[in-house]
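In what follows, a single structure is set out as structure tokens and then discussed.
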């Protein structure tokens, strides 16, 4: 091949390689969404170490995050990413102004239910000293204006140079000045990690700094962080597997709505533990004892839970029982042999945890169902994370549903054994 032909070929190759450079912004958009979900893990870690007093986090529900507090109020979070070249945030920045507008809408729609408002970003916030002679810049400086707002009794006493910025912001948002004033009094602006360093900071500082994760090696620690980020992604993405979603009324939209329940991540329920991996998976022998798709004696679950002093859990347990049976039946339709093996693994593992908990908490003559349920919940969450090899990655909801199925089958009790009306002892 001649030199001219070689040069032409090389030029062609360079052109084709150059043409493969993507200009699709989708990957950057995904990175921004990941930042939001990563910050959800930051809030989770802060709550677990006691820096924030939150019970649960709602993902993409009215705000990017609604943080549920023990006092019944909610803190609203808006997470925004920005390129450094866009400059520092000021009160005239479009994204910050829009977030403030969302906070105003939230407070007016749910008066008396919102605590504080938090705006989080990877970019800096404009910083101006009180002695600056640039009045226009001082008036747009978030920290100076928020400090001034907190020193004012109401919106009418806001002084220059902040008066003009406040009036302009109220006009742009179409907000009542009293409402805007109240939001700004409760607004906090937080500098989050950079997008490039977030994964390392999340693993080493936030999750790795927790006592229960301090001994994790780098590999398992990164895997745990990715699992947590994925959990927040699912909660934010309308991923709902609860079969009750096909029964809920469209106009319901309450905390009983399966869609809303799927958005809620309970802080105490998130398991933070190393993943145990083995080369050989332990297998339970024999066929599963749970019969799928068959009618069961009525009210066994109700009677057992009531006798154990946890009758309020009936609806919770029945919902998970139905969902678990539905999932087992779906797997059975795909591959009966593999499904039977999986069901055997899950039912025996769950039964073992329930039986050990029963023996640990059994108290003659005194209801012990609440203590046992709390212990079983902890045990099953530990199974979910630590024994993925044993259970094939079965989620906590499936494990708790299996506990309900075993209760109906009289293999699990939540109190001393008793004669069940219409059933067996």
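Note: relative contact order over the range 300-408, using C-alpha pairs below 8 Å and six or more positions apart, is 45 percent. Helix 314-334 axis versus longest C-alpha principal axis of the chain: approximately 80°, rounded to the nearest ten. How would the range 110-181 be classified by its alpha-carbon gyration tensor: rounded, prolate or oblate, with rounded meaning a/c under 1.5 and the a/b versus b/c comparison settling the rest? Cα axes put the range 110-181 in the oblate bin.
Over the chain, Cα pairs under 8 Å with separation of 6+ residues give a relative contact order of 15 percent.
Taking each residue as 0.36 nm, the span from residue 382 to residue 212 lengthens on full extension beyond its C-alpha to C-alpha distance by 60.0 nm. What angle do you read, to the nearest 10 degrees and between 0 and 90, between the alpha-carbon axis of helix 26-48 and the longest principal axis of the chain? The answer is roughly 70 degrees. Extending 7 Å from the Cα toward the beta-carbon at both residue 370 and residue 177 defines two label points whose distance is 5.2 nm.
Here the simple spin-label model places points 7 Å from the Cα toward Cβ, and for residue 420 and residue 135 these points are separated by 8.0 nm. Ordering 127, 357 by the number of other Cβ atoms within 10 Å of each residue's own Cβ, fewest first, gives 127, 357.
In percent, rounded to a whole number, the relative contact order of the range 32-187 is 20, using alpha-carbon pairs under 8 Å and six or more apart. Most simply put, the range 50-188 has about 50% antiparallel DSSP beta bridges, counting only bridges with both residues inside it. Among beta bridges from DSSP that stay inside the chain, the antiparallel ones total about 50%. Counting beta carbons within 10 Å around each of 282, 117 and listing the fewest first gives the order 282, 117.
The length gained on full extension between residue 337 and residue 194, counted as 0.36 nm times the residue separation minus their Cα-Cα distance, comes to 46.6 nm. Sorted ascending by nearby beta carbons within 10 Å, beginning with the fewest, 65, 368 become 368, 65. With bins 20 Å wide beginning at 0, the percent of Cα pairs of the chain falling in each bin runs 21, 44, 26, 9, 1.
Grab the beta carbon distance between residue 29 and residue 62, set R0 = 22 Å, and tell me the FRET efficiency rounded to 0.05. The formula returns an efficiency of 0.50 here. Helix 396-408 and the longest principal axis of the C-alpha atoms of the chain enclose an angle of approximately 30°. Using R0 = 41 Å, the C-beta based FRET efficiency linking residue 204 and residue 85 works out to 0.90.
Extension gain for the segment residue 97 to residue 289, taken as residue separation times 0.36 nm less the Cα-Cα distance, is 63.2 nm to one decimal.
Throughout, read-outs are computed from the coordinates displayed, never taken from laboratory work. What you are looking at is a predicted structure, and each value in this text was computed from that prediction instead of being measured. Positions of Cβ are generated from backbone atoms using ideal geometry, with glycine treated the same way; all protein chains shown enter the neighbour counts.
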